[in-house]
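What follows draws every value from the coordinates through simple rules; no lab data is involved. Since the structure is predicted, the reported quantities are computational estimates derived from the model, not experimental observations. Because the Cβ atoms are built from the backbone with ideal geometry, glycine has one as well, and the counts that use them run over all protein chains shown.
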Amino acid sequence: MSAVIELHDVVALYGSHPALAGATLRVNRGEIIVVRGPNGAGKSSLLRLCAGLVAPSRGTAVVLDHDLSVDRDRVGKRVGLLGQRNGLFLDLSAAENVQFWGQLSGASAAEMSEAMQRMGITNSLATRRVGSMSTGQRKRVALACLVTRRAELWLLDEPHSGLDASGRDELDEVLRQAANAGATIVLASHESERAERLGARVVSMSGGQVVS
Amino acid sequence: MNSLGTGGVAWHVAMKDLRIEWRGRVVINQVLPFAALVMVAFAFALDSDAVLQRTAGGLVWLATMFSTFLIVQRSYAADVDDGALESLRAAGIDMQGVFLGKSLAVMVELFLLQCVLVLVGFVLYDVQMSLSGWGMLLVTMVGATLGLGFVGVLYGGLIAGAGYRETLLPLLVLPVVAPVLLAATRATESAIGVSGLTIADGWPWVGILFVFAGIFGLGGLLSFDSVVEG
Amino acid sequence: MNSTPRTEPARVGTPATRVFGLLAVLFLGWVVVGGLFITPADAIQGDSVRIMYVHVPTAWVAYLAFIVTAIASAGYLFGKRHSLGFDRVAGASAEVGVLFMALTLMSGSLWGRLTWGTFWQWDPRLTTTAFLFVTYLGYLAVRGLGGTPERRAKRSAILALLAVLEIPLVHFSVLLWRSLHQEASVLSSDGDVKLDDLMLFTLLVGVLGFTALYGWLVSHRQRILTMRDIEEAKGIDLAISERIAEGSVR
Amino acid sequence: MKDVGFIALTYVVTFGAIIAIVARTLITGSRLSKKIPDQDKPWI
């Protein structure tokens with residue numbers, strides 16, 4: 001299996017503080033991996049690094065065959081980072097949001113409607129304003145945007161937070177499907193019971209390092 | 001991955017912004033009445049046809065400039081609310097395209113707004129104009145719209161990256177667009193023929209408008225990526 | 001001026017800044033004494049020429065400060081190492097520039113009241129100066145927006161370079177604007193000043209003194225900005241370690 | 001001296017502002033300087 005993420009002893013700074021202090025991690029294609037750890041352990045920084053938003057100041061970091069210390073600007077196109085905010089336009093409908101992102105990445109109309117179908121965004125939900133949707137529905141719209149963008153690597157920061165039990169199960173189902181379809185998914189989370197349901201590998205972070 | 005070039009990105013971003021505006025109709029329902037109100041207020045305050053006719057050009061441009069602030073703020077509010085601008089940048093979307101697209105959308109709104117303001121101004125202040133005067137006014141409107149749009153989007157992006165501060169935009173943009181205000185006012189005055197000015201007097205000012213737009217359009221293209229990142 | 005070295009308890013000053021401080025005190029002392037009491041009144045302007053001894057040097061320093069800000073910003077943006085030192089010099093220089101520009105506008109309008117009979121004249125130079133002042137107020141406001149020092153540096157450096165684009169445009173358009181209606185005739189009294197040797201000497205001393213003061217202020221304020229960044233970074237480190245501690249308890 | 005009020009005002013405001021800023025710079029400088037260890041100060 002080919003590696004999608006290959007980090008070796010990576011240090012990344014936030015200001016003068018090391019947000020990552022020698023992190024080493026390997027993630028294979030099609031894998032779902034849950035990164036666990038307390039607040040401030042470096043989970044978000046790990047995701048931001050993999051998305052090409054933070055430069056590694058030491059160590060080697062290769063994501064989707066791009067060496068991050070050389071061309072991290074080009075990783076962003078192939079990666080979908082979903083943080084605390086969804087990056088949606090609240091005044092537009094779900095379908096319009098998906099359409100916007102799809103058009104920017106050259107997706108066909110069929111691809112867009114398929115992406116929405118996979119995320120369970122159907123008829124009435126599709127035409128609703130995103131601003132009037134629940135947290136879980138917004139997450140699904142954001143994920144549909146990732147699908148239309150054909151993001152190969154999904155980096156999700158606490159995607160389960162703010163969702164109720166059924167919303168969490170739905171999300172897990174969606175993620176499993178996406179992984180089957182070939183996406184590689186890295187989830188940051190501070191709860192571990194989701195990992196089992198997802199059939200995911202779990203690694204733990206602490207003090208800016210991957211400890212297990 | 002057949003992602004779009006700058007032009008394609010610009011087009012889709014502009015369509016998206018215009019669609020959001022059409023949904024909310026903030027420009028139509030709030031900015032336009034505000035600008036028209038400013039002009040009516042001037043008519044009341046100055047209360048003299050002779051003075052009004054002489055200052056009509058300036059009043060239109062003053063109202064336009066204030067409206068620019070509102071339109072630009074509105075344009076970025078939609079992008080910043082849920083972190084969409086950050087996402088665009090993180091997804092490696094061509095930021096020059098985003099700059100051009102946002103500028104285009106702002107300019108379309110601004111131009112339509114100006115058309116209404118000019119009509120309001122002419123009715124309220126009873127201004128007469130020749131055919132070539134109308135021609136010059138039209139060119140002036142285009143030039144001023146380009147300049148105001150580029151500067152507004154560029155400086156708006158600068159503060160959008162840092163968590164939007166509404167009060168900061170006028171402070172930053174006002175001194176920058178002063179040349180646009182002056183040039184557009186003088187050009188409009190020549191178009192109307194105020195205080196002995198002729199059409200020929202106006203062309204240098206129109207030239208300034210386009211030079212200004214060119215400089216800040218180029219400046220925006222070159223720096224927008226870094227501007228939004230900060 | 002209490003910028004003498006001995007008032008320095010805690011090592012912000014260095015021998016170089018002390019030289020600047022000392023020169024500033026000596027020269028500006030002469031400006032006050034000489035400018036107010038020793039130099040003669042001007043034949044045409046009368047005593048109002050005394051305002052020139054502070055007005056002209058502060059204007060010079062204000063422009064110098066903004067040029068330094070622009071150059072330092074370019075140094076930050078185009079330098080290979082993106083050294084924050086450049087950014088802090090740019091910021092310190094803009095702070096001092098805004099102060100001096102405010103003083104220039106103040107003394108200029110008082111002088112204008114005496115000479116032209118009006119506090120403000122919309123002539124090209126005054127108008128450009130006023131816009132420059134507002135521009136740099138905005139620059140300082142943007143510096144205060146927060147974020148990491150790197151972000152602040154990049155954002156404000158771009159802003160400073162945009163100001164370099166803006167100022168000539170403003171100046172040129174105001175110039176053209178005024179020339180259409182009225183010649184800036186009032187300003188011609190500016191050129192009527194016949195300075196004798198002592199007056200010229202005082203003006204020169206003023207320029208040197210205020211420039212020395214500028215050097216002193218910028219080096220001190222730039223060091224203060226450095227220390228602020230360090231202090232803030234410590235605060236962030238503390239907040240992060242608190243968050244980690246709090247996280248591991250749970 | 002003619003117009004003594006305006007001229008005095010110019011000098012008082014100019015040098016008053018400068019003294020105030022210099023004083024403030026010295027005070028913040030020494031306050032911060034006590035908190036920051038000397039090895040962090042590049043100018044020493």
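Return the calculated 222 nm mean residue ellipticity for chain C, to the nearest 500 deg cm²/dmol, obtained by summing -39500 (n - 2.57) across DSSP H runs with n ≥ 4 and dividing by the residue count.
On the way: 6 runs with 184 residues, N = 250.
Computed mean residue ellipticity for chain C: -26500 deg cm²/dmol.
How big is the dipole moment of the stretch A:89-150 about its Cα centre under a simple scheme where the beta carbon of each Lys and Arg is +1, that of each Asp and Glu is -1, and everything else is neutral? Debye, nearest 20, please. Before the final figure, lay out each step's value.
On the way: 8 positive and 4 negative charges, 46 e Å.
For the stretch A:89-150, the charge dipole is close to 220 debye.
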Checklist entry - For the protein assembly as shown, what size does the Cα cloud have along each of its three principal axes, sorted from largest down, in whole Å? => result 94, 74, 36
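In what order do C:R81, A:R194, C:R18, D:R24 fall by count of nearby beta-carbon atoms within 10 Å, going from fewest to most?
Numbers: C:R81 8, A:R194 20, C:R18 16, D:R24 12.
Fewest-to-most Cβ neighbours within 10 Å comes out as C:R81, D:R24, C:R18, A:R194.
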Checklist entry - Once the dipole of chain A is set up with Lys and Arg at +1 and Asp and Glu at -1 on Cβ about the Cα centre, which of A:N86, A:S206, A:T184 lies farthest towards its positive end? => result A:N86
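Give me the mean projected area, in nm² to one decimal, of the convex hull enclosing the Cα positions of chain C. Numbers along the way, then the final one.
Details: hull surface 70.9 nm².
For chain C, the mean projected area of the Cα convex hull comes to 17.7 nm².
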Checklist outcome for this item: Square roots of five times the C-alpha gyration tensor eigenvalues of the stretch A:101-168, ordered largest first and given in whole Å, equal 20, 15, 10
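Evaluate E = 1/(1 + (r/R0)^6) for D:W43 and C:I44, where r is the Cβ-Cβ distance and R0 equals 45 Å; express this FRET efficiency to the nearest 0.05. Don't skip to the end; give the middle numbers.
On the way: r = 48 Å, r/R0 = 1.06.
Plugging the Cβ-Cβ distance into 1/(1 + (r/R0)^6) gives 0.40.
State to the nearest 20 debye the size of the charge dipole of the protein assembly as shown about its Cα centre, where the only charges are +1 on K and R beta carbons and -1 on D and E beta carbons. Let's see the in-between values first.
On the way: 62 positive and 60 negative charges, 287 e Å.
With only Lys, Arg, Asp and Glu charged at Cβ, the dipole is about 1380 debye.
So what is the 222 nm mean residue ellipticity for chain A from helices alone, if each DSSP H run of at least 4 adds -39500 (n - 2.57) and you divide by all residues, rounding to the nearest 500 deg cm²/dmol? Could you put the intermediate results ahead of the total?
Numbers: 8 runs with 73 residues, N = 212.
Helices in chain A give a 222 nm mean residue ellipticity of -10000 deg cm²/dmol.
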Checklist entry - Along the charge dipole of chain B, Cβ charges K/R +1 and D/E -1, which of B:L146, B:M129, B:A63 sits furthest on the positive end? => result B:M129
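Loop only by DSSP, 15 or fewer other Cβ within 10 Å of the Cβ. Give me the trypsin sites (Lys or Arg not before Pro) in the stretch B:4-73 that pass, ordered by residue number. Intermediate values should be presented prior to the final figure.
Numbers: sites: B:K16, B:R19, B:R23, B:R25, B:R54; in loops: B:R25.
Loop-located and lightly packed - B:R25.
Using only the C-alpha atoms of chain D, find the volume of their convex hull and express it per residue in Å³.
Working: hull volume 3.0 nm³, N = 44.
Cα-based convex hull of chain D, divided per residue, equals 69 Å³.
Report the charge-dipole magnitude of the stretch B:6-229 in Debye, nearest 20, computed about the Cα centre from +1 at each Lys and Arg Cβ and -1 at each Asp and Glu Cβ. Write out the running numbers ahead of the final one.
Numbers: 10 positive and 16 negative charges, 27 e Å.
Rounded to the nearest 20 debye, it is 140 debye.
Ranking B:S190, A:S124 by Cβ neighbours within 10 Å, fewest first, what do you get?
Details: B:S190 26, A:S124 7.
Fewest to most other Cβ atoms nearby, the residues stand as A:S124, B:S190.
Per-residue ellipticity at 222 nm for chain B, helices alone: DSSP H runs ≥ 4 residues times -39500 (n - 2.57), over residue total, nearest 500 deg cm²/dmol? Could you put the intermediate results ahead of the total?
Working: 8 runs with 190 residues, N = 230.
Rounded to the nearest 500, the figure is -29000 deg cm²/dmol.
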Checklist outcome for this item: Within the protein assembly as shown, pairs of Lys residues whose Cα atoms are less than 26 angstrom apart, provided they are eight or more positions apart or on distinct chains, add up to 19
Next on the checklist: Exposed loop sites here are chymotrypsin sites (Phe, Trp or Tyr not before Pro) in DSSP loop states with at most 14 other C-beta atoms within 10 Å. What is the longest stretch of chain C lacking them?
Outcome noted: C:123-250
Item to check | Selection from B:M95, D:I44, B:F216 lying farthest towards where the dipole of the protein assembly as shown points positive, charges on Cβ | outcome: D:I44
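Neighbour counts of other C-beta atoms within 10 Å: give me B:T198, C:T226 arranged from fewest to most. Each step should come with its number before you reach the end.
On the way: B:T198 11, C:T226 22.
Going from least to most buried by this count: B:T198, C:T226.
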Item to check | Stokes-Einstein translational diffusion, the stretch B:6-229 - Kirkwood Rh over all Cα pairs, 0.890 mPa s, 25 °C, in µm²/s | outcome: 138
